[in-house]
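Participant: Here you go, one structure.
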Amino acid sequence: MYREGAETALFYQALFNEGPNVALPLSLGILAGFAVLAVVFVGIYRFGVRIRMRLFFGVTSVLLYYMAFVFTGKGVRELQEGNAIPLSAIPGFPSVEWLGLFPTWQGIAAQFALLVLFAFAVLKTFWPRRAVALPMVIPPTPPARVSAELAEIRAENEVLKRRLAALEEAVGKETAGG
């Protein structure tokens, strides 16, 4: 949980550094997120709503991959603007700001690598697994002492059954005669 919180804080810090006009929309988004989280918490806590964890984590994984895709594109763009890595433009390629998609070979290659990792994760998650045959473990035979104790308990049980039958018979005669 701490790691997820730290990642979220880092993502928001990167988003707040995008420019002067993003503080209000991001703050409103955070507040809306808190409101939705409060509703989900009350729903789960009060009404016992069951969330399918596989679906929940699948959706959050897709959102995290989307954010990583955007941050990778924008990060490569920032590094190119700072002359930290070379800029090889792709003529005629569209620039899509909300996807972090910019017309450079370096950015496209980094984002393509993320898409390959995402495809691998999806295949690994949903690929049918072969059943693994586990070795059979044969329970050990009980020691002689346990067998003797078990025989003694069974004998005591039989004695108790006979005494109970005798008591029931005596009570039956008493109520029939009385």
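The values are calculated or read from the model by the stated rules, or taken from the named source; none is laboratory data. Computed from a prediction, not measured in an experiment: that's the story for all the values here. Glycine gets a Cβ as well: all are built from the backbone with ideal geometry, and neighbour counts include every protein chain shown.
Participant: Condition first: aliphatic (A, V, I, L, M) and at pLDDT 85 or above. Now tell me which residues in the range 41-58 satisfy that. Explain how you work it out, then say what you get.
Facilitator: Step one: list which residues in the range 41-58 are aliphatic (A, V, I, L, M), which gives 42, 44, 49, 51, 53, 55.
Residue satisfying the conditions is 42 alone.
Participant: Within the range 51-86, how many residues are small (Gly, Ala, Ser) and surrounded by fewer than 15 Cβ atoms within 10 Å (Cβ to Cβ)? Working first, answer last.
Facilitator: At the first step, the residues of the range 51-86 found to be small (Gly, Ala, Ser) are 58, 61, 68, 73, 75, 82, 84.
Filter once more, so that each one left must be surrounded by fewer than 15 Cβ atoms within 10 Å (Cβ to Cβ): 58, 61, 82, 84.
Selection size over the range 51-86: 4.
Participant: Any residue that is outside any helix (DSSP H, G or I) and free of Cβ contacts under 8 Å to residues at least 24 places away in the same chain - is there at least one of those in the range 109-120? Quick ask: steps written out before the conclusion?
Facilitator: Pass one, the range 109-120, residues outside any helix (DSSP H, G or I): none.
No - not one qualifying residue is present in the range 109-120.
Participant: Also: On the basis of being within 28 Å of residue 120 (Cβ to Cβ), part of a loop (DSSP other than H, G, I, E, B) and either modelled with pLDDT of 90 or more or outside the structural domain of residue 119 (by TED's automatic domain parsing) (or both), does residue 85 make the cut?
Facilitator: Against the criterion (within 28 Å of residue 120 (Cβ to Cβ), part of a loop (DSSP other than H, G, I, E, B) and either modelled with pLDDT of 90 or more or outside the structural domain of residue 119 (by TED's automatic domain parsing) (or both)), residue 85 qualifies.
Participant: If you don't mind, another one. Kindly check whether there is at least one residue in the range 64-76 that is in the same structural domain as residue 13 (by TED's automatic domain parsing) and at pLDDT below 90. Can you show your working first?
Facilitator: Kept after step one, since they are in the same structural domain as residue 13 (by TED's automatic domain parsing), are these residues of the range 64-76: 64-76.
Restricting the remaining residues to those that are at pLDDT below 90 gives none.
No, the conditions are met nowhere in the range 64-76.
Participant: In contact with a helix residue (DSSP H, G or I) (Cβ under 9 Å, 6 or more places away or on another chain), assigned to a helix (DSSP H, G or I) and of a type in the set (Ser, Thr, Tyr): is that true of residue 175 in this structure? It would help to see each step written out before you state the result.
Facilitator: On the way: in contact with a helix residue (DSSP H, G or I) (Cβ under 9 Å, 6 or more places away or on another chain): no; assigned to a helix (DSSP H, G or I): yes; of a type in the set (Ser, Thr, Tyr): yes.
In short, no.
Participant: Looking only at the range 18-50, count every residue that is part of a loop (DSSP other than H, G, I, E, B) and either surrounded by 10 or more Cβ atoms within 10 Å (Cβ to Cβ) or of a type in the set (Lys, Arg) (or both) and tell me the total. It would help to see each step written out before you state the result.
Facilitator: Kept after step one, since they are part of a loop (DSSP other than H, G, I, E, B), are these residues of the range 18-50: 18-22, 48-50.
From what's left, either surrounded by 10 or more Cβ atoms within 10 Å (Cβ to Cβ) or of a type in the set (Lys, Arg) (or both): 18, 22, 49-50.
Adding up the residues that qualify gives 4.
Participant: Can you tell me how many residues within the range 125-138 are over 27 Å from residue 57 (Cβ atoms) and modelled with pLDDT under 70? Lay out the reasoning, then the answer.
Facilitator: Let us first name the residues in the range 125-138 that are over 27 Å from residue 57 (Cβ atoms), namely 133, 135-138.
From what's left, modelled with pLDDT under 70: 133.
Total meeting the criteria: 1.
Participant: If I ask for residues that are acidic (Asp, Glu) and touching a residue at least 40 places away in the same chain (Cβ under 8 Å), which ones from the range 59-88 would you list?
Facilitator: Initial filter on the range 59-88 (acidic (Asp, Glu)): 78, 81.
None - no residue of the range 59-88 is acidic (Asp, Glu) and touching a residue at least 40 places away in the same chain (Cβ under 8 Å), so the list stays empty.
Participant: Condition first: among the aromatic types (Phe, Trp, Tyr) and either in contact with a strand residue (DSSP E or B) (Cβ under 6 Å, 6 or more places away or on another chain) or farther than 21 Å from residue 71 by Cβ (or both). Now tell me which residues in the range 1-60 satisfy that. Break it down into steps so the answer makes sense when it comes.
Facilitator: Just the residues of the range 1-60 that are among the aromatic types (Phe, Trp, Tyr), to begin with: 2, 11-12, 16, 34, 41, 45, 47, 56-57.
Result: 34, 41, 45, 47, 56.
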